[in-house]
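Here is the structure we will look at, set down as C-alpha cells.
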Amino acid sequence: MSLTKLQAVNRILVACGQKPSNSLEGPTSATTRMAVAVLEETDQQVQGEGWHFNTNPNHTFSADGVSGEVAIPAGTVRFKAYDYQGLTVRGDKLYDRHRGTFDIGQAVTGCLVLYIDFDELPEQAKEYITCRAARKMYTRTVGSQDSARALALEESQARGALINHDIEEGQYTMMDDPTFPWITGSHYLPATIRKAPRY
C-alpha cells in the first residue's frame, strides 16, 4: 500500500505521542502544521541529495530565440551543464557567472535534479523521509533519549533500504564515480553532480 502524505504526517504525530489527524485540508492543529512543515523540510533535504528517481542526467534546455535566455522548470533543485562552464541557477533561469548575463544564446545539456511531489516518490524514499522527519520532530518537541535512539535506528534502516533501491534502479558502474577520470589521469572534471555511487 502506497504511503500517502497524510499517513506520513500521522506517523510523525504518533511518534511524538500526539493524536493523528483526519485531514491536512482546512483548519488543523498547531502540532499537525508543525509535522507537515518538518515533513516538507525533510523531503526537500533528502531530494536535494539527487537520487536516481529525481535526476535526469542528460537534460537539454533550449535558449530563447530572441533573448538568448534559458528558462528552467519550477521545482528545479539544481542543474550542472556538461559543456558550458560558469552556469548557475538564478530564479527561474540559467545565469552565466563568467560573462555576467542571462543571455546564454545556445542550447545547454546537463544533469538536472528536480523536486518531485511526495505522493509520487518511490516507497523507499517516502519511508526514509517519514522516519527522518519523525526523528527530527521528536527531538525538537519531546527529547527522550531512549525513544530518540529507536527512531534514529529506524531512520538508518530506512536510508539503507533507499540506498539499495537507488543502486538497483540506477545500475551504476565505476564510470559514475566522480573521481574516475582523475584516477585514469584525465584533468576533466566529470559533469555529474551526483554523489559518488552508494556502494
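In this simple spin-label approximation, residue 149 and residue 19 carry label points 7 Å from Cα along the Cα→Cβ vector, and these lie 3.3 nm apart. Neighbour counts of C-beta atoms inside 10 Å place 34, 137, 1 in the sequence 1, 34, 137, starting with the fewest. Once backbone amide H atoms are built at 1.01 Å from N, residue 93 has 72 as its partners under 5 Å, excluding neighbours fewer than 5 places away on the same chain. Residues 120, 40, ranked from the fewest to the most other C-beta atoms within 10 Å, line up as 120, 40.
Taking segment 55-114 on its own, what percent of its Cα-Cα pair distances exceed 20 Å? Walk me through the intermediate numbers first.
On the way: 222 of 1770 pairs.
Looking at segment 55-114, the distances longer than 20 Å represent 13 percent of pairs.
About its Cα centre, the dipole of segment 55-114 is roughly 240 debye, where the only charges are +1 on Lys and Arg Cβ and -1 on Asp and Glu Cβ.
Give me 128, 95, 138 ranked fewest to most by other Cβ atoms within 10 Å of their Cβ, as a rough exposure proxy.
Details: 128 25, 95 18, 138 21.
Placing the least packed residue first, the sequence is 95, 138, 128.
Temperature 25 °C, viscosity 0.890 mPa s: under these conditions the Stokes-Einstein estimate for segment 35-83, based on its Kirkwood radius over C-alpha pairs, is 187 µm² per second. Coordinate range of the alpha-carbon atoms in segment 15-171 per principal axis, descending: 58, 40, 26 Å.
Each reported figure results from applying straightforward, stated rules to the coordinates on display, with no laboratory input. The structure presented is a predicted model; accordingly, all values stated were derived computationally and were not measured. Reconstructed Cβ throughout: ideal geometry from the backbone, glycine too, with neighbour counts over all protein chains shown.
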